[in-house]
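Visitor: To start, I am sharing the structure in question, which I have written as structure tokens.
The values are calculated or read from the model by the stated rules, or taken from the named source; none is laboratory data. Remember, predicted model here, so these are calculated numbers, not experimental data. All Cβ positions, even for glycine, are placed from backbone atoms using ideal geometry, and neighbour counts span all protein chains on display.
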Amino acid sequence: MSEEHEKSGLQKPTLIEKLANDPMRYILFFTSFSVILITLGIIQTLLFEAITFFQDIADSRGWFGLDIEMDGIFSAQGVAGVLLLGCLIIEILGNRSSLSTEKIPQKVLFPGDFVVRLSFLLLPVAYILYGDLLLVIALLLSIITWRKVAAKSIVSSSNEDGPADRTFATVLGAFAFISLFFALTTNYTGAFGEFFFQTQWTPTGACSDRRTLCDNMSFGVNSLLLTTLQVAFGALLIAVPLGVGCAIYLSEYASPRLVAVVKPTLEILAGIPSVVYGFFAFIYIGPLVVEFGEYAFAQGWISEPPNILNPINGAIVVAIMILPLIASMSEDALRAVPNELREGSLALGATRIETTFRVMLQASLSGIIASIILALSRAVGETMAVTLAVGTVAVYTSNMFLPAQTMTAYIAQRVGGDLPFGEIGYLTIFAVGLYLFVITLCLNLLGNKVLSAYREAY
């Protein structure tokens, strides 16, 4: 074969010749490869230093320990776990076509819109009465299971079996395990038990030697995590209605001239540095929150007077930061829906608002949910704004008018301080950073899963 190539004058090009013919290809290859190496290097540093942190704690306190209490099955979390197990069984039977809905009364399956809306309104009531988030999640997933059973009865009556989707069953199983685990276990000890399940975070105890591990040190990262979730979900509570409403108006009601002005303005808001937002929250938003907190304290709604640094302050400023992201991505998702769907709905007699909520939002739901998940990831990873707005007190409290600290704010605070290399307080930075990396990675994977599961092709 080589002799034939030599005779025909065709020779295999060398590496130098390939580089000379197409240099940009190899430049782009080395650029992409360097990005991969840098990412792997960061992950390796986080992982190795975090392992060192857990090893130092495990040498003194062991790896993991807990106590089991069977009486916890009667608690709110235990009831939530049992409820989720029942929903999981129903979902598995439904996927296997073993669930018979013929004996269920139609009034139970299809009670009307008023009963369905009332069931959703009972969720905040349950949280106020019992104060357990897992119970509220269990009730929400039970309502979704109930509606899926009703939809399954319609499909079975038409003898059409859709493809089995195990995503919802996986979610039910995960939350059932979490609910039962926290209901039946208590007194978590050891390196992993203390870090992942306790809420007291005092990594710099009064020790004779700063490099040693003292008994008065505690590493319950949940005090930082719960404050982070307070700020992130509080921001979503504000930004999602405003962002989606803005997207609906821009795509369905606004004139092209107004869209040409508002859309670039949203992009400008997204480009403002986070430290500017944090300063804005400290100067302008903080006093307003304190004024409302003083009124709540005077009415007896909260037990302690408010502070200018608090999670509500951080939630408001983070909501302002993620608002352009939700509005812009949701507006793009709505515009991606073919105009034929809108015109068809209007031609059938639906009003404009009915077309918006029953057709356009349903068709663009995957893009809107993906924008919300990406905004949640941005809110969880925000640093400077929450550092200036929430505070640096690593204590979790249900009173959101008191200062607290998020995971990112702790990392920023500790990096800026005087930390000897190899000291246990220095290693906590990498442990918290790795935990935060895993959380944001899971949120991004969840966003991709939502896009792939609910994307509509037109």
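Visitor: Does the stretch 253-281 hold any residues that are under 19 Å from T356 (Cβ atoms) and not in a helix (DSSP H, G or I), and which are they?
Guide: A254, S255 - these are the residues of the stretch 253-281 that are under 19 Å from T356 (Cβ atoms) and not in a helix (DSSP H, G or I).
Visitor: Check S119 against each of (1) at pLDDT 85 or above; (2) surrounded by 13 or more Cβ atoms within 10 Å (Cβ to Cβ) and name the one condition it does not meet.
Guide: (1)
Visitor: Further question on the same structure: Here is a list of conditions, (1) part of a helix (DSSP H, G or I); (2) more than 20 Å from the chain's Cα centre (by Cα); (3) more than 18 Å from A375 (Cβ to Cβ), and T204 meets all of them except one; can you say which number that is?
Guide: The single condition T204 does not satisfy is (1).
Visitor: While we're looking at this one, here's another question. Do any residues in the stretch 28-43 that are within 18 Å of V432 (Cα to Cα) have Cβ atoms under 8 Å from those of residues that are surrounded by 10 or more Cβ atoms within 10 Å (Cβ to Cβ), where the two are at least six apart or on different chains, and which pairs are they?
Guide: I43/F437
Visitor: Please state which one of V386, V395, V415, V390 is touching a residue at least 24 places away in the same chain (Cβ under 8 Å) and under 17 Å from G433 (Cβ atoms).
Guide: It is V386.
Visitor: Take residues that are under 30 Å from G131 (Cβ atoms), at pLDDT 70 or above and within 37 Å of the chain's Cα centre (by Cα) and tell me which of the helices (runs of 4 or more DSSP H) falling wholly in the stretch 1-116 contain 3 or more.
Guide: Numbers: elements: 2-8, 15-21, 23-61, 76-95, 106-109.
Answer list for the stretch 1-116: 76-95.
Visitor: Scan the stretch 280-292 and tell me whether some residue there is of a type in the set (G, A, S) and touching a residue at least 24 places away in the same chain (Cβ under 8 Å).
Guide: yes
Visitor: Being surrounded by fewer than 12 Cβ atoms within 10 Å (Cβ to Cβ), at pLDDT below 90 and not in a loop (DSSP other than H, G, I, E, B), is that true of even one residue in the stretch 423-430?
Guide: Of the stretch 423-430, the ones surrounded by fewer than 12 Cβ atoms within 10 Å (Cβ to Cβ) are none.
Looking through the stretch 423-430, none of the residues is surrounded by fewer than 12 Cβ atoms within 10 Å (Cβ to Cβ), at pLDDT below 90 and not in a loop (DSSP other than H, G, I, E, B).
Visitor: Looking only at the stretch 401-420, decide whether some residue is more than 14 Å from T204 (Cα to Cα), modelled with pLDDT under 75 and either surrounded by fewer than 18 Cβ atoms within 10 Å (Cβ to Cβ) or out of contact with any strand residue (DSSP E or B) (no Cβ under 6 Å at 6 or more places or on another chain) (or both).
Guide: Within the stretch 401-420 (the criterion being more than 14 Å from T204 (Cα to Cα), modelled with pLDDT under 75 and either surrounded by fewer than 18 Cβ atoms within 10 Å (Cβ to Cβ) or out of contact with any strand residue (DSSP E or B) (no Cβ under 6 Å at 6 or more places or on another chain) (or both)), the answer is yes, since at least one residue qualifies.
Visitor: If you don't mind, there's one more thing I want to ask. With I353, I285, I312 as the choices, which residue is buried (at least 17 other Cβ atoms within 10 Å of the Cβ), modelled with pLDDT under 90 and in a helix (DSSP H, G or I)? First the steps, then the outcome.
Guide: Values: I353 fails: buried (at least 17 other Cβ atoms within 10 Å of the Cβ); I312 fails: modelled with pLDDT under 90.
Result of the check over I353, I285, I312: I285.
Visitor: Within the set of pairs 6 or more residues apart or between chains, which connect a residue that is aliphatic (A, V, I, L, M) inside the stretch 429-458 to a residue that is at pLDDT below 70 with Cβ atoms less than 8 Å apart?
Guide: Once the first residue is aliphatic (A, V, I, L, M) and sits in the stretch 429-458, its partners that are at pLDDT below 70 give I429/L419; A453/D165.
Visitor: Still on this structure: Quick test for you: out of A336, A270, A298, pick the one residue that is surrounded by fewer than 17 Cβ atoms within 10 Å (Cβ to Cβ) and free of Cβ contacts under 8 Å to residues at least 24 places away in the same chain. Outline the logic, then answer.
Guide: On the way: A336 fails: free of Cβ contacts under 8 Å to residues at least 24 places away in the same chain; A270 fails: free of Cβ contacts under 8 Å to residues at least 24 places away in the same chain.
Answer to the check: A298.
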